[in-house]
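Below you'll find the structure, written out as structure tokens, and then a few comments.
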Amino acid sequence: MSLQNYSKIIRETRRGSNAQRSEMINASTMRAVAVLKDRQDLWPVLDVGCGEAYHVQENIKYGIPTVGLDIDIYGQLPEAQRRAKEQLGTYLPLVGGDAKYLPFKNDTFGRIDSRGMLMMIPFAVEEIEGDPIGQDRGAVQLAVVQVLSEMRRVAKPGGEVRIITFSDREPLESRYFKPTPKELEDLGVVAGLTPLSVDYYREPNPRFSLIEARFQK
Ligand SMILES: C[S@@+](CC[C@H](N)C(=O)[O-])C[C@H]1O[C@@H](n2cnc3c(N)ncnc32)[C@H](O)[C@@H]1O
């Protein structure tokens, strides 16, 4: 399976941020901007699995230095750059890459955000690497720990990792990784992260059943 095909599948199955375009800049994004604007200790920010980079663009608009990374180099990243050039008059700091091998130095980011990416780990490994790990819980957990370990490695000491992902209560198809809060917390601890809070997402009327996990390095 090639990266071009991955982009095609993401587009056709609406698994990327396209599917939620109008909802992307929502109340929780604006709350995050409000916090980050005044917290230079959390700069620079890394958005892992940024998709069409709506959150990156919003941060940049408010002067928050932010880098976005996604594996969808033939679909959402070029789309994000086209939109940013049109709307902001400039390209965004976006990087093509795999969350399992973050292409950044140790101790770089004050805050790492990842929305809707962790649940897709089995899907991306299956479609891109041709490795059908989806039904093998242990293999999926190992891949998730690898991602969390990479986030810890590139976070500054004391830096924060904030993850929003599907929970075990989400009824959507089984190829997604859908942990309980306890399972996600344990995987974060294995990766060397200190849990601050890991629980079901409490935003009113969320479209999906989610977990919000906050860790510290
Ligand atoms: C549901 S989208 C969410 C996009 C964005 N965070 C948002 O909130 O709009 C999940 C994104 O994670 C990306 N992704 C999945 N597995 C990845 C991996 N191993 N490395 C980097 N990105 C990945 C997908 O390509 C997709 O763009």
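Structural remarks
- Selection within segment 126-150: residues that are without any contact (Cβ under 8 Å) to a residue 40 or more places away in the chain and of a type in the set (Asp, Glu). The member of this set that is farthest from Ala213 (Cα to Cα) is Asp131.
- Of note, Glu150 does not satisfy the criterion of being part of a helix (DSSP H, G or I), more than 8 Å from the ligand (Cβ to nearest atom), of a type outside the set (A, V, I, L, M, F, W, C) and in contact with a Pro (Cβ under 7 Å, 6 or more places away or on another chain).
- Within segment 114-143, the residues that satisfy the criterion of being within 10 Å of the ligand (Cβ to nearest atom), aliphatic (A, V, I, L, M) and buried (at least 18 other Cβ atoms within 10 Å of the Cβ) are Met117, Leu118, Met119, Met120, Ile121, Ala124, Val125, Ala143.
- Residue, modelled with the lowest pLDDT, within segment 196-217, restricted to residues that are over 22 Å from Met120 (Cβ atoms) and not polar (S, T, N, Q): Pro204
- Hits in segment 188-217 - residues which are of a type outside the set (S, T, N, Q) and closer than 17 Å to Arg153 by Cβ: Gly188, Val189, Val190, Ala191, Gly192, Leu193, Phe215, Lys217
- Residue satisfying condition, being without any contact (Cβ under 8 Å) to a residue 60 or more places away in the chain, under 22 Å from Arg15 (Cα atoms) and of a type in the set (Phe, Trp, Tyr), within set Phe166, Phe123: Phe166
The values are calculated or read from the model by the stated rules, or taken from the named source; none is laboratory data. This structure is a prediction, so every number in the text was calculated from the model and none was measured. A quick note on method: Cβ atoms are made from the backbone with ideal geometry, for glycine too, and the neighbour counts reach across all protein chains shown.
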